[in-house]
1. Out of segment 1-56, which residues are out of contact with any helix residue (DSSP H, G or I) (no Cβ under 8 Å at 6 or more places or on another chain), under 12 Å from Arg78 (Cβ atoms) and part of a strand (DSSP E or B)?
2. Any idea which of (1) part of a helix (DSSP H, G or I); (2) open to solvent by 50 Å² or more (accessible area, probe 1.4 Å); (3) not aliphatic (A, V, I, L, M) is the one Gln120 doesn't satisfy?
3. Any idea which residue in segment 51-60 is nearest to Glu22 (Cα to Cα), counting only those that are in contact (Cβ under 8 Å) with a residue 24 or more places away in the chain and surrounded by fewer than 24 Cβ atoms within 10 Å (Cβ to Cβ)?
4. Taking the options Gln185, Gln180, Gln163, name whichever one is of a type outside the set (Ser, Thr, Tyr) and open to solvent by less than 30 Å² (accessible area, probe 1.4 Å).
5. Restricting attention to segment 282-299, report how many residues are assigned to a loop (DSSP other than H, G, I, E, B) and either small (Gly, Ala, Ser) or open to solvent by 50 Å² or more (accessible area, probe 1.4 Å) (or both).
6. If I ask for residues that are acidic (Asp, Glu) and open to solvent by 10 Å² or more (accessible area, probe 1.4 Å), which ones from segment 61-81 would you list?
7. Taking only segment 266-280 into account, find how many residues are touching a Pro at 6+ places or on another chain (Cβ under 7 Å) and closer than 12 Å to Ser166 by Cβ.
8. Among the residues of segment 250-264, is any touching a strand residue (DSSP E or B) at 6+ places or on another chain (Cβ under 9 Å), open to solvent by less than 80 Å² (accessible area, probe 1.4 Å), over 24 Å from Ala138 (Cβ atoms) and at pLDDT 95 or above?
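The values are calculated or read from the model by the stated rules, or taken from the named source; none is laboratory data. Quantities reported herein were computed from a predicted structural model and do not represent experimental measurements. Glycine gets a Cβ as well: all are built from the backbone with ideal geometry, and neighbour counts include every protein chain shown. Heads up: the accessible areas ignore ligands, DNA and RNA and are worked out on the full protein's heavy atoms, side chains in. Shrake-Rupley method; radii C 1.70, N 1.55, O 1.52, S 1.80 Å.
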Amino acid sequence: QVPKIPLPYTEEHISYNNPEAEVTLSGTLTLPTSKGPFPAVVLVAGSGPIDRDETVFGHKPFLVLADYLTRQGIAVLRFDKRGCGKSTGNYDKATSQEFSDDVLAGVAYIKSRKEVNANQIGLIGHSEGGVICPMVAAKSKDVAFIVLMAGPGVTGEEILYEQNASIQRLAGGTEDTIKQSRKFQEEMFMLVKREPDPQIVAEQLQEIAKKYMAALPEIQDKLTLEYLKSLVARVNTEWFRYFLTFDPSVTLKQMQVPVLVLNGELDLQVSSKQNLAVISRILEESGNKDFTTVELPKLNHFFQT
């Protein structure tokens, strides 16, 4: 899958600034060798400290996607998220809102390139990137289209309830254990939404986790302990607070540019059943005349079989 050198297109290692945040984003711009100016896309990564290739478990979805699109005559910008790879800035202090500003600066950069057709710049966002793309398109008249790959149509809180239940069912969990787990999540999320002080949240999350652990059968005790520790650390962040409550419908309602929405049938992280119909309804009700939603059979969250 990973493209082999020599490549039939130009590859440039570039950087651009987000002056408002005093952040420098480092990335790769791939340009077709045919005669331009070319349509262009900016790739927008999912959650986590992700590099320009969106490397996860050794898989590099954005490298593969950039290679394919550039071979089809489309210029592609992909970049390390702030505080990751060669980009400056503090990843830990950023929310989807700050990440959207970094993408907005990327749109401005790619528009400045003489090889790019300024009227044909689009965004392709994966997972959380599917939340960020409409945020950017709502602010910028330079975005001509967006593609949402496994992008949510409901709040992060709703995504996480469905995600947890789907993964537990696949692992053989009973409906009773799924209900217990849901109750645990609800307590955690309520605390995070209510209490702004991270120190108080950390202490109270530990108590909630201990109570949950005590109710589990002993065999599950050890298996769950490490998971709970990492979960408690993850939910007590600014990014998580924002993700939990942000409603994607707010920006989706503003989309009048063409939208392509893709979800894998086997996606356990952003369920196609939960999200595709919701996104379709929002776009239709807001009067968008050019959108398509597609459930791709037998593919997971990373569009793999």
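1. Glu11, Glu12, His13, Ser26
2. (1)
3. The residue in question is Asp51.
4. Gln185
5. 6
6. Selection gives Asp67 alone.
7. The total comes to 1.
8. Checked against the condition, which is being touching a strand residue (DSSP E or B) at 6+ places or on another chain (Cβ under 9 Å), open to solvent by less than 80 Å² (accessible area, probe 1.4 Å), over 24 Å from Ala138 (Cβ atoms) and at pLDDT 95 or above, segment 250-264 yields at least one hit.
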